[in-house]
Every structure is written in structure tokens, then in C-alpha cells.
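The values are calculated or read from the model by the stated rules, or taken from the named source; none is laboratory data. Note that the structure is a prediction, hence the values are computed from the model and not measured. Cβ coordinates were reconstructed from backbone atoms using ideal geometry, including for glycine residues, and neighbour counts include every protein chain displayed. Keep in mind that these areas ignore ligands, DNA and RNA; they rest on the heavy atoms of the full protein, side chains included. Shrake-Rupley method; radii C 1.70, N 1.55, O 1.52, S 1.80 Å.
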Amino acid sequence: MRDDYQNAKKIGDKYKASALLKGKEPYLPSLETEIEDISTYKEIHVGIAEIPLDMIVGTRTTGRQNAFAGNFMPLIAEDSEFAMKWSNLYDAQLDEGLRDPVKAYEYKHRFYVQEGNKRVSVMKYMKAVSILADVTRLMPPRTREPESVAYYEYVDFNKVTGLFEIVFTRPGAYQELAEMAGQNLTDPWPDEKVETLRD
């Protein structure tokens, strides 16, 4: 619906204007500009999963970042092909739901979209909680720093639970959670244990 695109664009324009007044970056962050030598980072394909929309913060490349404000709302003119495609996706979500997963990279607990920025924009506008994504994890260099140790524990936790949204920054916290649940960080958790955490 074109009215919804107009409303979404107004939200995006407001965000952009506010960010500029505060001297902040008004557009989506790009992973390839945040990480030097990104091509040297190891990639691990995680697979298809529901990921929290509030953990999607930017784009994988710089190509589309200026089409969206930093809150993923659109900035392109209302009479553009971009606007028409956004509106068509909005209608498709209302009619039958968006079934194709977006392609996203996870890096340090945050997601960056490679393909599907408009779908993410539509779902964020509709205040959805999650979106289906084909996830690849970009592994940061492993160090002895607490942040690095905790992140690698997060990776182990994600492997056995499939959960992305539980984030600890203190080393050992995931092991403590596993012990409280009567589980470990090496074997897949039963569905009921995962759902208890999810709730």
C-alpha cells in the first residue's frame, strides 16, 4: 500500500533529520566499512533460522545503506521503483506472509543484511518480532579478552540451542545457564528446554 510507504518514509526522514542535527550517522551502518580486511574473516554458515528483528542493525555492503535511515525505514522518493517494490512486499506480507528468507551475516551478536533489506524494512515497519534468515556467521579474531571469550561461548550456546537473543558479556555466564538447565554447551538441547528459555 502506497500510504504505508509514505508513512514509513516519514519515519525514516524524521530519523535522518534528527541524526543529522545530533551529528550522528543517519544511514544504516555497513559491515564492510566497520571491519578492516573483512575478506580475511572466517565465515561459518549457520543455516535457516528465525532471527530477532531488533538485532538486525545494518547492511553487509555499502550498496543500499543510503536507501534507508538508521532505523531501516526507507528514504527513497515515493514515486520510485524502490517505493513500488517496498509497497508490493508490504501487500504480500499482509496477504500471505513473506516466505523467502533474507540473507544475513551475524557478527558479534548483531545482524547485517546481504539480501532482503526491503523485507527487513517492511517487517520492522509492521513491528514484527522476527524474520526468517539464511545466516552466516563472521568470526572475529579469537583473543583472551573477556569480550572475545564471552562471544565464543555465545557461539557454542547458539549451536546447541539455536537461540540468538540471549546475550551475555561475562565469560562463564553461558556455562552457568547451561548447568542451571541441566545441559551443556556441546550437545543439542531438548526443544522444551529451548522453548523455556525463549519464553
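For segment 1-73 and segment 100-172, what is the separation of their Cα centres, given in Å?
Taking the Cα centre of each part, segment 1-73 and segment 100-172 sit 14 Å apart.
Among the lysines, select those whose C-alpha is under 24 Å from the C-alpha of LYS22, and discard any that sit fewer than 8 residues away in the same chain.
Once the sequence-local lysines are set aside, what remains near LYS22 is LYS9, LYS10, LYS14, LYS124.
Using a cut-off of 12 Å between alpha-carbon atoms, which aspartates and glutamates can reach LYS127, once sequence neighbours fewer than 8 places away in the same chain are excluded?
Excluding near neighbours in sequence, the set is ASP54.
Where in the chain are the helices, taken as whole DSSP H runs, whose Cα atoms extend 20 angstrom or more along the long axis and whose Kyte-Doolittle mean reaches at least -1.0? Intermediate values should be presented prior to the final figure.
On the way: long enough: 2-21 (28 Å, -1.19); 81-95 (21 Å, -0.57); 146-161 (22 Å, -0.48).
Sorted by number, the helices that extend far enough and score high enough are 81-95, 146-161.
Filter LYS16/LYS103; LYS42/LYS108; LYS24/LYS103 down to the pairs with a C-alpha to C-alpha distance above 21 Å, please.
Numbers: LYS16/LYS103 25 Å; LYS42/LYS108 13 Å; LYS24/LYS103 27 Å.
From LYS16/LYS103; LYS42/LYS108; LYS24/LYS103, over 21 Å: LYS16/LYS103; LYS24/LYS103.
Can you tell me which lysines have their Cα less than 18 Å from the Cα of LYS193? Leave out same-chain residues fewer than eight positions away.
Correct list for LYS193: LYS159.
Three principal axis extents, largest first, for the C-alpha atoms of the chain, in Å?
55, 39, 29
Tell me, in nm to one decimal, what length is gained between LYS193 and GLU34 on full extension, where the rule is 0.36 nm per residue of separation less the Cα-Cα distance?
On the way: separation 159, 0.36 × 159 = 57.24 nm, distance 3.58 nm.
Gain on extension, LYS193 to GLU34, equals 53.7 nm.
Can you order the peptides 40-51, 111-122 by their average number of other Cβ atoms within 10 Å per residue, highest first?
Packing order, densest peptide first, comes out as 111-122, 40-51.
Using protein chains only and a probe of 1.4 angstrom, how many square angstrom of THR33 are accessible, to the nearest 10?
90 Å²
How long are the semi-axes of the equivalent ellipsoid of segment 1-102, taking √(5λ) for every eigenvalue λ of the Cα gyration tensor, in whole Å from largest down?
Details: eigenvalues 125, 90, 26 Å².
Ellipsoid semi-axes (Å, largest first): 25, 21, 11.
Express in % the proportion of alpha carbon pairs of segment 53-95 at distances exceeding 11 Å.
Values: 633 of 903 pairs.
Here the tail beyond 11 Å accounts for 70 percent of pairs.
Along the Cα-to-Cβ line of HIS45, 7 Å from the Cα, sits a label point; which residues in segment 96-137 have backbone N less than 19 Å from it?
From segment 96-137, the list is 100-107, 112-116, 132-137.
Could you work out how much longer the chain between ASP91 and LYS159 gets when fully extended? Use 0.36 nm per residue separation minus the Cα distance between them, nm to one decimal. Mind dumping the intermediate values first?
Numbers: separation 68, 0.36 × 68 = 24.48 nm, distance 3.48 nm.
So the extension gain works out to 21.0 nm.
Over all alpha-carbon pairs of segment 111-169, lay out the pair-distance distribution in 10 Å bins, whole %, shortest bin first.
The distribution over segment 111-169 is 18, 41, 31, 10, 0, given as percents.
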